[in-house]
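The values are calculated or read from the model by the stated rules, or taken from the named source; none is laboratory data. As the structure is a prediction and not an experimental result, all values here were calculated from the model. Cβ coordinates were reconstructed from backbone atoms using ideal geometry, including for glycine residues, and neighbour counts include every protein chain displayed.
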Amino acid sequence: MADPLGLMCVHAHPDDESISTGGVLARYADEGLRTAVVTCTGGELGEIVGPGMDVDAVRPRLAEVRRDELAAALGVLGAGAPRLLGYRDSGMVGTDGNSDPASFWRAPFDQAVGRLVAQLREFRPDVLVTYDAFGGYGHPDHVQNHRISLVAAEACAMPALYPEAGPAWRVRKLYFAAIPKTAILQATAELRRRGLPSPFGDAERVEDIPMGAADEEVTTTVDVVAWLARKQDAMRAHVSQISPDSFFLNVPEDLQQAAFGREWFIRQRSDVPAPVPEDDLFAGLR
Ligand SMILES: [Zn+2]
């Protein structure tokens with residue numbers, strides 16, 4: 001019997017997988033599909049907010065701590081073991097981390113693509129998810145993830161490229177994870193109405209929202225309401241990064257479905273006919 005269909009999500013830092021694709025990872029694993037997460041950096045520069053954590057003691061071993069947190073989150077989501085590309089966190093744009101030679105931002109492009117091609121050829125996903133060209137919010141590691149994923153998704157299918165990385169494999173659908181600007185605006189308005197802070201600032205018009213995708217770009221909306229609790233458990237596993245009083249874990253219950261009950265994607269290409277809008281990353285494949 002052929003392998004079940006596979007989904008691979010490429011993320012920049014441990015925790016991104018749970019926040020942006022935790023719902024689809026849990027849902028498709030429950031449907032019996034194969035799921036995996038590649039994480040480009042160790043997240044060494046993340047702010048340490050875990051309750052009771054001694055920041056000075058944890059900082060030097062944060063990559064190790066976050067790797068364990070990632071393993072726990074992937075366990076919750078049923079997405080296998082961590083698959084790390086082995087680069088250092090580059091930090092927010094304009095910070096010293098951007099010039100660290102071991103950072104993902106400074107990685108030799110060809111080398112980084114090759115490492116991802118090896119992951120793709122080993123796991124053989126039918127569907128690959130990465131970020132858009134702005135990386136969702138402009139973080140250098142997210143932008144770099146977009147660049148290498150786009151190239152690796154194509155290079156993977158060419159046997160002459162990276163022959164040492166295993167037999168060629170064709171990814172059949174390629175997506176960018178996205179949040180539509182109007183969804184951000186609605187959440188912001190609703191939080192403001194309730195006197196709660198919004199992580200997206202206080203924009204009142206779509207034009208004022210610096211992140212997110214234009215609604216018309218979004219091709220694919222996946223319902224993950226039934227997997228909300230799992231998604232939250234996965235986020236909670238990132239103890240050092242997401243404090244119990246964080247926005248992500250404290251959205252009022254009646255707003256949770258609106259805030260996290262759907263995950264959105266921009267389809268970049270599909271080898272199979274599947275009309276858009278679609279409600280399934282595997283539409284046309286099964
Ligand atoms: Zn990130």
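Pick from 154, 216, 190, 207: which is in a helix (DSSP H, G or I), over 23 Å from the mean Cα position of the chain (by Cα), away from the ligand (no atom under 16 Å from the Cβ) and without any contact (Cβ under 8 Å) to a residue 40 or more places away in the chain?
207
Which one is farthest from residue 22 (Cα to Cα) among residues in region 72-97 that are assigned to a loop (DSSP other than H, G, I, E, B) and among the hydrophobic types (A, V, I, L, M, F, W, C)?
93
Pick from region 252-286 the residues that are in contact (Cβ under 8 Å) with a residue 24 or more places away in the chain and among the acidic types (Asp, Glu): which of them is farthest from residue 192 (Cα to Cα)?
In this case the residue turns out to be 271.
Return the residues of region 1-19 that are surrounded by fewer than 24 Cβ atoms within 10 Å (Cβ to Cβ) and either within 16 Å of the ligand (Cβ to nearest atom) or within 11 Å of the chain's Cα centre (by Cα) (or both); say none if nothing qualifies.
Within region 1-19, just 19 meets the criteria.
Scan region 175-187 residue by residue and report those that are assigned to a loop (DSSP other than H, G, I, E, B) and more than 30 Å from residue 154 (Cβ to Cβ). Walk me through how you get there before you give the answer.
Pass one, region 175-187, residues assigned to a loop (DSSP other than H, G, I, E, B): 179.
Those that are assigned to a loop (DSSP other than H, G, I, E, B) and more than 30 Å from residue 154 (Cβ to Cβ): none in region 175-187.
How many of the residues in region 21-37 are among the polar types (S, T, N, Q) and either away from the ligand (no atom under 14 Å from the Cβ) or surrounded by fewer than 24 Cβ atoms within 10 Å (Cβ to Cβ) (or both)?
Within region 21-37, residues that are among the polar types (S, T, N, Q) and either away from the ligand (no atom under 14 Å from the Cβ) or surrounded by fewer than 24 Cβ atoms within 10 Å (Cβ to Cβ) (or both) number 1.
Just one of 88, 147, 124 is touching an Asp or Glu at 6+ places or on another chain (Cβ under 9 Å) and surrounded by fewer than 21 Cβ atoms within 10 Å (Cβ to Cβ); which is it?
On the way: 88 fails: surrounded by fewer than 21 Cβ atoms within 10 Å (Cβ to Cβ); 147 fails: touching an Asp or Glu at 6+ places or on another chain (Cβ under 9 Å).
Among 88, 147, 124, only 124 is touching an Asp or Glu at 6+ places or on another chain (Cβ under 9 Å) and surrounded by fewer than 21 Cβ atoms within 10 Å (Cβ to Cβ).
Contact list please: Cβ distance under 9 Å, first residue in region 37-49 and at positive phi, second residue of a type in the set (Lys, Arg) and within 12 Å of the ligand (Cβ to nearest atom), pairs at least six apart or on different chains.
So the pair list comes out as 43/66.
Between 122, 69, which is among the acidic types (Asp, Glu), in contact with a His (Cβ under 7 Å, 6 or more places away or on another chain) and part of a helix (DSSP H, G or I)?
69
For region 32-69, how many residues are under 20 Å from the mean Cα position of the chain (by Cα) and under 15 Å from residue 127 (Cβ atoms)?
Selection size over region 32-69: 6.
Those residues that are farther than 24 Å from residue 213 by Cβ, hydroxyl-bearing (Ser, Thr, Tyr) and surrounded by fewer than 19 Cβ atoms within 10 Å (Cβ to Cβ), I need them from region 239-271; list them, please.
Listed by number, the list holds a single entry, 243.
When you go through (1) more than 21 Å from residue 80 (Cα to Cα); (2) within 16 Å of the ligand (Cβ to nearest atom); (3) at pLDDT 95 or above one by one for residue 130, which number turns out not to apply?
(1)
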